[in-house]
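Engineer: Starting off with a structure, shown below.
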Amino acid sequence: MNINSEWLKKGFVDEAIPSGVDLVEAVKTLKKEKNALLMAHYYQKNEIQDIADFVGDSLALAWEASQTNADIILLSGVLFMGETAKILSPDKKVLIPDFNAGCSLADSCPADAFEDFIKQHPGHVVVTYVNTTADVKALSDIVVTSTNAVKIINSIPKDKKIVFGPDRNLGNYLQSVSGREMVLWDGACHVHEKFSVEKIVDLKKEYPEAEVIAHPECKKPVLTISDFIGSTASLLKYTQTSGSSQFIVATESGVLHQMQLASKDKTFIPAPPSDSTCGCNDCEFMRLNTLEKIYLTLKYEYPEVNVEEDIRVKAIKPIEKMFELSGDLLKK
């Protein structure tokens with residue numbers, strides 16, 4: 001199919017949708033006709049999560065992409081997630097709703113600069129967070145997600161030195177809980193960097209019974225005042241098993257939708273950022289995806305994610321190593 005030049009410029013399908021189209025039903029019909037699997041990250045808008053065939057964190061999305069029998073994978077998240085799906089399922093057509101849906105953390109770690117960084121630390125095991133480009137994964141020995149990072153770091157022999165990138169906050173957290181010293185790349189997520197300790201403390205005064213739960217990408221002061229620290233999936237599970245009925249949640253606010261669906265009788269308060277008067281902290285890249293774009297992406301099968309084969313072959317090895325070391329975490 002010839003790709004419209006305007007789509008190429010804009011990074012998404014920009015076509016009018018006829019009035020009266022029921023987008024939810026239209027997406028369901030297209031998924032069935034094309035044997036397409038719609039996967040959504042927890043940080044997507046509520047209406048996208050509700051129509052997705054599978055909703056999960058980065059580890060679960062990667063594993064699902066490696067196991068599906070679908071002909072088309074539509075990954076509603078950000079670009080590196082689409083790349084990961086393509087790396088794992090090269091025979092599938094992988095689509096994302098908008099090529100502009102990048103990641104500030106992945107952008108903070110250019111492959112050429114990271115390669116130079118690795119060369120400065122020879123003999124180190126190179127561990128990278130999944131929030132990286134395919135090119136960076138291709139330079140890595142092991143990929144981790146926030147779900148399995150502690151387990152994998154602890155599995156590396158004590159006599160091995162470690163380079164960890166790109167998230168310095170996650171790296172610092174891993175050092176604190178594992179006791180391992182690591183050489184850290186200086187990158188960060190724009191969402192998790194912005195949570196305000198002062199505003200969280202103010203919220204605690206308003207909700208004194210609330211537990212503060214935080215993602216390990218947050219800065220250390222936020223983690224210090226948190227009652228529980230964990231990956232997106234771990235935070236979700238914790239809210240279901242905790243005896244508390246109120247939670248102040250320091251991660252991207254999209255996950256609150258799943259928390260509320262699972263625990264209708266509990267209250268979830270998004271932790272606010274320091275530089276905004278709004279009461280939540282959203283990823284500007286995740287929010288580029290819309291139900292309209294998902295419909296158009298399925299209809300026209302664009303934007304399509306491709307990874308050069310030489311990069312894919314290198315990048316799949318550290319991901320497969322992650323799966324191998326994740327063990328029972330893949331079953332949760």
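The values are calculated or read from the model by the stated rules, or taken from the named source; none is laboratory data. Quick caveat, the model's predicted, so the values are computed rather than measured. A quick note on method: Cβ atoms are made from the backbone with ideal geometry, for glycine too, and the neighbour counts reach across all protein chains shown. We work out accessible area using only protein heavy atoms, side chains counted, and drop any ligands, DNA or RNA first. Shrake-Rupley method; radii C 1.70, N 1.55, O 1.52, S 1.80 Å.
Engineer: Using only the Cα atoms of the chain, build the gyration tensor, take square roots of its eigenvalues as a ≥ b ≥ c, and label the shape rounded, prolate or oblate: rounded if a/c is under 1.5, else prolate if a/b is larger than b/c, else oblate.
Structural biologist: Oblate shape, in that a/c is at least 1.5 and b/c is the bigger or equal ratio.
Engineer: Could you sort 15-27, 51-63 so that the peptide with the highest average Cβ count within 10 Å comes first and the rest follow in order?
Structural biologist: Packing order, densest peptide first, comes out as 51-63, 15-27.
Engineer: Further, regarding this structure: Hydropathy first: keep DSSP H helices in the chain averaging at least -1.0 on Kyte-Doolittle, then drop any whose Cα extent along the axis falls short of 18 Å, and list what survives.
Structural biologist: TM-like helix candidates: 309-326.
Engineer: Separate question: Using a Förster radius of 56 Å, what is the FRET efficiency between Lys10 and Ser274 based on their Cβ-Cβ separation? Nearest 0.05, please.
Structural biologist: 0.95
Engineer: Please report, as a whole percent, how much of the solvent-accessible surface of the chain comes from carbon and sulfur atoms (probe radius 1.4 Å).
Structural biologist: 49
Engineer: Let me ask something else about it. State the dimensionless ratio Rg/Rh of the stretch 192-255 (Rg: radius of gyration of Cα atoms; Rh: Kirkwood radius).
Structural biologist: Taking Rg over the Kirkwood Rh, I get 0.92.
Engineer: Cβ neighbours within 10 Å, averaged per peptide: list 179-192, 85-98 in order, most packed at the top.
Structural biologist: So the order, starting with the most tightly packed, is 85-98, 179-192.
Engineer: Suppose R0 equals 22 Å; then what is the FRET efficiency for Asp202 and Thr241 from their Cβ-Cβ distance, rounded to the nearest 0.05?
Structural biologist: 0.20
Engineer: Another question, if that's okay. Measure up Lys160/Lys317; Lys137/Lys293; Lys34/Lys314; Lys137/Lys237 against 24 Å on the Cα-Cα distance and list the ones that go over.
Structural biologist: Lys137/Lys293; Lys34/Lys314; Lys137/Lys237
Engineer: Compare Ile311, Ile73 by solvent-accessible area with a 1.4 Å probe and give them largest first, with all protein chains kept in place.
Structural biologist: In descending accessible area the options line up as Ile311, Ile73.
Engineer: Any chance you could run the full-extension gain for Lys34 through Asp116? It's 0.36 nm times the residue separation minus the Cα-Cα distance, nm to one decimal.
Structural biologist: 25.2 nm
Engineer: A further question on this structure: Along the Cα→Cβ direction, 7 angstrom out, place labels at Glu25 and Glu320. What is the inter-label distance in nm?
Structural biologist: Each label point is offset 7 Å from its Cα along the Cβ direction, giving 4.6 nm.
Engineer: Pro18: net charge of surrounding residues, Cβ under 14 Å, Lys/Arg +1, Asp/Glu -1, itself excluded?
Structural biologist: It works out to a net charge of -3.
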